[in-house]
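Engineer: Pasting a structure below so you can have a look.
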Amino acid sequence: MSISSISRRQFLTGASVAGVAGLAAASVGLSSCSPTTNNGAGNDANSNAAGTTGSNGSAASGNSANKNTEELIAAAYLNPQDYNYRQNTTDFKTLFSPIKIGSVESSHRMIKSAAGSAAYLAGPGDELLQYYVQMAKGGVELIWVENIPFFEDGIDFATMTPRPVTEEGLGFAKTLVDECAKYGAKLGYQWAPFGMPVANMPKEQIASTQAAGVKIAKDLQACGFVGLEINAAGFNQGEQFLSRFHNTRTDEYGVATLENRARFVTECIKQIKLACGKDFVVQCLIDCIEENDNITNDATLATLDNAVTGPHNKVTTIEEGIAFAKLFEAAGADAMHLRLGPLGNHPCQFGSDLYFILNGIEGATGYGMQWDFKRHWQGQLIANHSGAGMLIDIVARYKQALSIPCGTVTYMDPAHAPDFFEKALADGKVDFFIMNRPLTVDNEYVNKLREGRIDEIAPCTRCLHCHIGSNEMNRAMGYCRVNALTQRVLSKVPGTPDSYELIPATTPKKVMVVGGGPAGMEAARIAAARGHNVSVYEKKGSLGGLLDFASSVKGPHENLGDLKNYLVRQLEISNVNVQLNTEVDAALITSEAPDVLVLAIGGKRDSSKDANGVLGNITDSDNVKVIDFDSFMTADIGENVVICGGNAQAWDCALWLTVHKKNVTLVTSVPDEELDAQQSQHAQRFITTALYSLGVKVWSDSKIKTVGDGKIVVSTGFGVDVTVPCDTIITGAEQKPNDDLLNAISVAESYAIGDCKNPFNIAMAIRDGNDIGRML
């Protein structure tokens, strides 16, 4: 076997390639300067934009330039957002109408994408089987399966020798098909050969790569798979030929003509159809539009300055993509899967709503730059709805030129914005939605939506904790903020769930949950669903813990309000008794006499006069205020603000204040590698590159030495003291456990969960709650 048959995911598993060069970018620099005019109006796709988000995440007017420029930095006005797109008046008539892709029919338009699950790492067994069966049970009728190494020939990277597919692997493939078919689902397979450089690739290697794809198609067709998706996007082999950025050949596979550039893919289509028959579906995945996001092209000392941006104009345009799609259709392709094509930041190729994760710097690229969506991407993205459905208008252009169905990806979530997504289908702009995250968060998504139970669908919060890189890294580091089973269930790792189903309690117990945040609500809903008698006690007047505050800081992009509403609804469905405005002490616990006490009251910080252990001597005469973290949005804090802390809350606070034109410095005792550790690695990249480019300074592994006279002195971890102007110190330091109440009571079973046990993030709090609820 040649290395040309290696898939991208197999490559990420064990191979290494030195020097992936030539990734240039086209974007604008972030600016903290105030604009002289408001640039809120855009092209047709953006024409509904009302403005950027204010402190509460609501849309601010985009027409008062003078007023707005006094409030926010210029970056906040570049890509104004309109969040008034989530109306729900539809009956989903088009969404739940049949779609035919080649010979395969689905009764609805929601298709599972071939996104990595890491479940295959345990081999052919229940973990991988149930990952797909649960989605079939939940109503998904066409599932594209990710690259599974034991479904195809490959390379043993330990010995660099061929690893042929085994009977065991193909036998499991048939079992997977049969088990999903019990619920009406059909399976296709994505072929994603890793993109080796094509400039000097021998034609024999091209032919062997194509032959490998044909063999995979024939092997899996024999197991019952109904189609093959050719992944010719991103960094895969087909893209290497299609792209002027990568392809420098001068022969019949070279860049002289569109037909030459498409030849590798068109030949693959023809060969698969010839081998498997016309009824075997072939779907093509391509970058339907590209831009360069790494504008420096990874320049080194060996790069001439006049060559740094040389590849900038070699991205694939919409018009080129349409021409390719017409050639693919003529070759026999049955459908197109269209996604975004940034040439540097791979996660944004399928999770391009990451461009909207920073509240007030929408369009951040992850490279310290910012897209201007009115100009970049040919001005064609729907870029004013926080990344929802952003490719729909571009897909409409493809549909006008093609007769085969066209689907698209990136936060296609009909439950999130029912009228918006239904109208896109009804207007003929797109034929089907290719989905992964919403279906992973809630395996019953399709059935719940069909049955009108939209308020029972667990929402994707778009945090991207679920994706790291290779599936090995996904397994080790990835998880879902909302669904505690993801990357865990049936994995046989100690302490992880051993079933999707909730096992009824053998002996119902009286369970007292103290705290109505994410951890407490998750524990309560799981315990109640299993048959326990559960009560939740919350000292505030509403449930949700810090979710409301987090949403006001982060803005609406992460759907934290939806998460709160979902959990509250689950408590209603499960008949959990909720006691609001009730502060729990030992006496109340004794009087209630629960069988089980679950403490979920959140973590605690040192008092503001003792943050970082050095602030005890501050007096009003020092001309430096010290305020608690939860009041930074409303307090009069001056211009120069120091945040004590390096956690996600401190970084979100820094983003909000920077957008509101404050000069922000973070001082934290944690080292660089632990900064913002509570957020996903993708979110970390976006927020750090954006804030560093705007001048935010972080003193890591440091502490405040002295405070006074409008400044602080920072004792750094590298042996020098630094003076920093400071009007206000915000105590956002790392939280500490808050489980003292357990020592004051005597209950047969008592547990601390979430931040009051081990402060970290929403995902770990929900995981704790789910695990405890299953254990009781």
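The values are calculated or read from the model by the stated rules, or taken from the named source; none is laboratory data. Quantities reported herein were computed from a predicted structural model and do not represent experimental measurements. Note: ideal-geometry Cβ built from the backbone for every residue, glycine included; neighbour counts use all protein chains shown. Accessible surface is based on the protein model in full, side chains and every heavy atom, while ligands, DNA and RNA are left aside. Shrake-Rupley method; radii C 1.70, N 1.55, O 1.52, S 1.80 Å.
Engineer: Can you list residues from other chains, or at least 5 along the same chain, whose modelled amide H is less than 5 Å from the amide H of A752?
Structural biologist: Answer set, sorted by chain and number: L599.
Engineer: Another one. Pull out the extension gain between N743 and S542, defined as 0.36 nm times the separation in residues minus the alpha carbon to alpha carbon distance; nm, one decimal.
Structural biologist: In short, 69.7 nm is gained.
Engineer: Distance in nm between label sites at E472 and A330, each 7 Å beyond Cα in the beta-carbon direction?
Structural biologist: 4.4 nm
Engineer: In Å², what does the accessible area per residue of segment 615-721 work out to with a 1.4 Å probe?
Structural biologist: 41 Å²
Engineer: Compute the Rg to Rh ratio over segment 92-178 from the alpha carbon atoms, using the Kirkwood formula for Rh, and round to two decimal places.
Structural biologist: 1.07
Engineer: How large are Rg and Dmax for segment 157-257 when only the alpha carbon atoms are used, in Å?
Structural biologist: Both quantities, over Cα of segment 157-257: 16.6, 51 Å.
Engineer: Can you work out the FRET efficiency for the pair T175 and S97, with r the C-beta to C-beta distance and R0 = 30 Å, to the nearest 0.05?
Structural biologist: 0.45
Engineer: How much of D126 can a 1.4 Å solvent probe reach, expressed as accessible area in Å² and rounded to 10?
Structural biologist: Counting only protein heavy atoms, the figure is 100 Å².
Engineer: Could the peptides 665-675, 107-117, 426-436 be put in order, highest first, of the mean number of other beta-carbon atoms found within 10 Å of their residues?
Structural biologist: Output ranking for 665-675, 107-117, 426-436: 107-117, 426-436, 665-675.
Engineer: With charges set only on the Cβ (+1 for Lys and Arg, -1 for Asp and Glu), what does the dipole of the chain come to about its Cα centre, in debye to the nearest 20?
Structural biologist: For the chain, the charge dipole is close to 1140 debye.
Engineer: Another question, then. Around G188, which amide H atoms from residues at least 5 apart in sequence, or from another chain, sit under 5 Å from its own amide H, with H modelled in the peptide plane?
Structural biologist: Long-range HN contacts for G188: I143, W144, V145, V226.
Engineer: I would also like to ask the following. Counting only C-alpha contacts under 8 Å and six or more residues apart, can you give the relative contact order of segment 194-280 as a whole percent?
Structural biologist: Across segment 194-280, relative contact order equals 37 percent.
Engineer: Now, a different point. For segment 77-209, what % of the accessible area comes from carbon and sulfur atoms, probe 1.4 Å?
Structural biologist: Roughly 53 percent, rounded to a whole number.
Engineer: Next question. Sort F760, F421, F157 by accessible area with a 1.4 Å probe, largest first.
Structural biologist: These residues rank, largest area first, as F760, F157, F421.
Engineer: If I model a spin label as a point 7 Å beyond the Cα along the Cα-Cβ vector, how far apart are those points for E639 and T706 in nm?
Structural biologist: About 2.4 nm separates the two model spin labels.
Engineer: So, in nm, how far is label T250 from label Q378 when the simple model puts each one 7 Å beyond its Cα toward the Cβ?
Structural biologist: Those two pseudo-labels are separated by 3.0 nm.
Engineer: Any chance you could run the full-extension gain for Q684 through K736? It's 0.36 nm times the residue separation minus the Cα-Cα distance, nm to one decimal.
Structural biologist: 16.5 nm
Engineer: How far, in nm, would the chain grow between L588 and D455 when pulled straight, counting 0.36 nm per residue and subtracting the alpha carbon separation?
Structural biologist: Additional length available on full extension: 44.5 nm.
Engineer: Same structure again: Hey, with R₀ at 51 Å, roughly what FRET efficiency would S631 and N200 work out to, going by the Cβ-Cβ distance, to 0.05?
Structural biologist: 0.25
Engineer: I've got another one for you. I want the antiparallel fraction of DSSP beta bridges within the chain, as a percent rounded to 5.
Structural biologist: Taking every DSSP beta bridge within the chain, about 30 percent pair in antiparallel fashion.
Engineer: For segment 467-543, rounded, prolate or oblate, judged on the Cα gyration tensor with a ≥ b ≥ c (square roots of eigenvalues), a/c < 1.5 rounded, else prolate if a/b > b/c?
Structural biologist: Because a/c hits 1.5 or more and a/b fails to exceed b/c, segment 467-543 counts as oblate.
Engineer: Ignoring any ligand, DNA or RNA, what whole percent of the accessible area of segment 631-776 comes from carbon and sulfur when the probe is 1.4 angstrom?
Structural biologist: 47 percent
Engineer: Here is a follow-up. Starting from the exponent 0.38 and prefactor 2.2 Å, build the expected Rg for segment 312-445 from its residue count and divide its actual Cα Rg by it.
Structural biologist: 1.06
Engineer: Using helices alone, what [θ] at 222 nm do you get for the chain, with -39,500 (n - 2.57) per DSSP H run of 4 or more residues, divided over all residues and rounded to the nearest 500?
Structural biologist: The helix contribution divided over the chain gives -8500 deg cm²/dmol.
Engineer: Report R774's accessible area, 1.4 Å probe, all protein chains in place, as a number in Å² to the nearest 10.
Structural biologist: Using a 1.4 Å probe on the heavy atoms, I get roughly 50 Å².
Engineer: Could you tell me what percent of the DSSP beta bridges with both partners in segment 284-386 are antiparallel, to the nearest 5?
Structural biologist: Rounded to the nearest five, the antiparallel share is 10 percent.
Engineer: What number, in percent, do you get for the relative contact order of the chain if the mean sequence gap of Cα pairs under 8 Å and at least 6 apart is divided by its residue count?
Structural biologist: Taking the mean separation of contacting Cα pairs over the length of the chain, I get 14 percent.
Engineer: Please compute the net charge surrounding A323, taking Lys and Arg as +1 and Asp and Glu as -1 over other residues with Cβ under 10 Å from its Cβ.
Structural biologist: -1
Engineer: Along each of the three principal axes of the Cα atoms of segment 633-718, give the extent in whole Å, ordering the values from largest to smallest.
Structural biologist: Projected onto the principal axes, the Cα atoms of segment 633-718 cover 39, 31, 21 Å.
Engineer: Next question, about the same structure. Going by accessible area, probe 1.4 Å, with all protein chains left in place, what is the ranking of R453, R86, R375, R530, largest first?
Structural biologist: The ordering from most to least exposed comes out as R375, R86, R453, R530.
Engineer: State the three equivalent ellipsoid semi-axes of segment 275-359, derived from the C-alpha gyration tensor as the square roots of 5 times its eigenvalues, in descending order and whole Å.
Structural biologist: After diagonalising the Cα gyration tensor, the semi-axes are 32, 17, 11 Å.
Engineer: Residue farthest toward the positive end of the dipole of the chain, with Cβ of Lys/Arg at +1 and Asp/Glu at -1: which of G520, V441, S591?
Structural biologist: Value: V441.
Engineer: OK, next. Rounded to the nearest 10 Å², what accessible area does D455 have for a 1.4 Å probe in the complete protein model?
Structural biologist: 70 Å²
Engineer: Per residue of segment 700-712, in order, report the coupling 6.51 cos²θ - 1.76 cosθ + 1.60 (Karplus, θ = phi - 60°) as ³J(HN,Hα) in whole Hz, putting x for Gly and Pro.
Structural biologist: Values, residue by residue: 8, 6, 9, 8, 7, 8, 9, 9, x, 6, x, 7, 10 Hz.
Engineer: With 19 Å as the limit, write out which pairs from K137/K564; K448/K509; K137/K182; K112/K270; K174/K218; K112/K186 have Cα-Cα distances beyond it, or answer none.
Structural biologist: K137/K564; K448/K509; K112/K270
Engineer: Would you mind computing the Rg to Rh ratio of the chain from its alpha-carbon coordinates, Kirkwood style for Rh?
Structural biologist: Computed over Cα atoms, the ratio is 0.97.
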